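All remarks here apply to the structure that follows.
The values are calculated or read from the model by the stated rules, or taken from the named source; none is laboratory data. This is a predicted model, so every value here is computed, not measured. Neighbour counts are summed over all protein chains in view; Cβ atoms, including those assigned to glycine, are modelled from backbone coordinates with ideal geometry. Just so you know, the surface numbers come from the protein's heavy atoms only, side chains and all, with ligands and any DNA or RNA stripped out. Shrake-Rupley method; radii C 1.70, N 1.55, O 1.52, S 1.80 Å.
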Amino acid sequence: MSLAAQPAPAPASQGTDALVVMNGVNKHYGALHVLKDINLNIQRGEVVVVIGPSGSGKSTLCRTINRLESIEGGTITLDGRPLPSEGKELARLRAEVGMVFQSFNLFAHKTILENVTLGPIKVRGVKKADAEKRGRELLERVGVGAQADKLPAQLSGGQQQRAAIARALAMEPKVLLFDEPTSALDPEMVNEVLEVMKELAASGMTMVVVTHEMGFARSAANRVIFMDGGSIVESADPETFFARPTSERARDFLSKIIAH
Amino acid sequence: MSTIINNLGILWSGFAMTLALVAVSSVAALVLGTILATFRVSPVPILRTASTTYVEVIRNIPSTVIFFFALFALPQVDLQLDFFAAAVTALSVYYAAFFCEAVRSGINAVAVGQLEAARAVGMTFGMSLRLIVLPQAWRSVIPPLINVFIALVKTSAIASAFGVAEMLNVMERLINTDATAVLPILFTTAVLYLAITLTAGLAAGRLERKVAVSR
């Protein structure tokens, strides 16, 4: 047996095709410890749904991945590179991480099409005509092609959120983050957004989804993460998690939301 | 009345001078004020401190003192300006402080999610301000911006005392040549100032209605 034939031991974080690796991540808001020693590997193509009660740190966790929230301890790497702390490097990283917000946050003074093309044109340097062609395709894909020339305020919440998903997709991100994407929507508009997300999940997009939509977690997630008090309490495939949650806290949470 | 008609040319030249003074100064003050406002919201502490100090010092001094500085202090540091340039400098420096505060309140009124969304698509802080935050900030503060503009128009009359042949200066000269025509001259002067300020107010109202839907 020759030494050369032996494969080098892979670093733990690269043992599989990990795209996002969080290692011992800690964050405080003053005295409040919002993220406690978070360790999380997200594989390429994986759909991770993060659930948990309000204040459990799930939105914060999601926002640390594109550094909208800074962290105080630990490391986060994207595609093997650590997150830069500020400046142009950070902007470049954020261009590779799409984000969909609870309150849509479409640029209020720009048309829907401009919302989708601004990033590619200004950040990526794509030609305007090419960006518009691609933008219209994406808007068609999420079902708001007819609204391309309207302003965000003229659209329904569901349409705005679908346009926001198209805006994130236009940057061709490696991973898409969803921070409670349906929580600000009227009930009848939740499904149209979830449908788009399911389709994305099926297309192989790597997604981190913070949500209260258990139906989406069951049907689209590869893995469910349950957070409470700033820690990841449980991490399992959806079938296992919903059928046999191991922690008391998760059982309690599920009994409260599924009873109604 | 004949004094007015006989002196239409000189009145017009005064009016044109005021317009030029106001146009150049208001653009310069708005640009400088906007830069100061972005400093005040920037993540860099020294920029915030510098800009806050500027605003608190400048806006709390009478404008006439700023005019004196422009005319008498700048030459001391070998910066010799003609009267017009000195007046423009004084008006711009003074009103930049007020424009800064108006624009800053506009920046604060833009939802924080707009900046987050801009940063999330990979824009730098500067790009986010320029492309997303400032355009919305200006729209939300059109009325206070016009207030500052109107104050600037009126303060431009101080330049008459510093050798700029603008409207008030022309008015004084006309009164000196024909003291019997004081009332028509005063009246005409007031109307000409109103022509500038009221037009600005009307234009602002229109602009506000036009952009109302997009915020």
Subject >> Among the candidates A:L118, A:L138, residue that is part of a helix (DSSP H, G or I) and either over 19 Å from the mean Cα position of the chain (by Cα) or within 12 Å of another protein chain (Cβ to nearest Cβ) (or both) >> reply: A:L118
Original post:
For segment B:1-110, which helices (runs of 4 or more DSSP H) that fit wholly inside it have 2 or more residues that are within 25 Å of B:V170 (Cα to Cα) and in contact (Cβ under 8 Å) with a residue 60 or more places away in the chain?
Top reply: B:2-6, B:8-41, B:63-68, B:83-109
**OP:** With respect to A:I76, determine if the residue is more than 22 Å from A:A201 (Cα to Cα) and surrounded by 23 or more Cβ atoms within 10 Å (Cβ to Cβ).
**Re:** no
Subject >> Tally, over segment A:190-229, of residues that are on the phi > 0 side of the Ramachandran plot and either surrounded by 21 or more Cβ atoms within 10 Å (Cβ to Cβ) or not in a loop (DSSP other than H, G, I, E, B) (or both) >> reply: 0
**OP:** Return the residue satisfying two criteria in turn: it lies in segment A:99-125 and is among the aliphatic types (A, V, I, L, M) and either at pLDDT below 95 or in contact with a Cys (Cβ under 6 Å, 6 or more places away or on another chain) (or both), and of such residues it is farthest from A:S59 (Cα to Cα).
**Re:** A:V123
**OP:** Mind counting the residues in segment A:80-115 that are facing chain B (nearest Cβ under 7 Å), open to solvent by 20 Å² or more (accessible area, probe 1.4 Å) and polar (S, T, N, Q)?
**Re:** 1
Subject >> The listed residue being open to solvent by less than 40 Å² (accessible area, probe 1.4 Å), facing chain A (nearest Cβ under 10 Å), over 25 Å from B:I58 (Cβ atoms) and hydrophobic (A, V, I, L, M, F, W, C), out of B:V112, B:V121 >> reply: B:V121
**OP:** Could you check how many residues of segment A:191-207 are in contact (Cβ under 8 Å) with a residue 40 or more places away in the chain and charged (D, E, K, R)?
**Re:** 1
**OP:** Specify the residue that is surrounded by the fewest Cβ atoms within 10 Å (Cβ to Cβ); the eligible residues are those in segment A:15-58 that are touching a Lys or Arg at 6+ places or on another chain (Cβ under 7 Å) and part of a loop (DSSP other than H, G, I, E, B).
**Re:** A:D17
Subject >> Unique match (being under 20 Å from B:M127 (Cβ atoms) and free of Cβ contacts under 8 Å to residues at least 40 places away in the same chain) among A:E86, A:E96, A:E140 >> reply: A:E86
**OP:** Among residues belonging to segment A:59-73 that are over 24 Å from B:Q136 (Cα atoms) and either polar (S, T, N, Q) or at the interface with another protein chain (Cβ under 8 Å from one of its Cβ atoms) (or both), point out the one that is most open to solvent (accessible area, probe 1.4 Å).
**Re:** A:S70
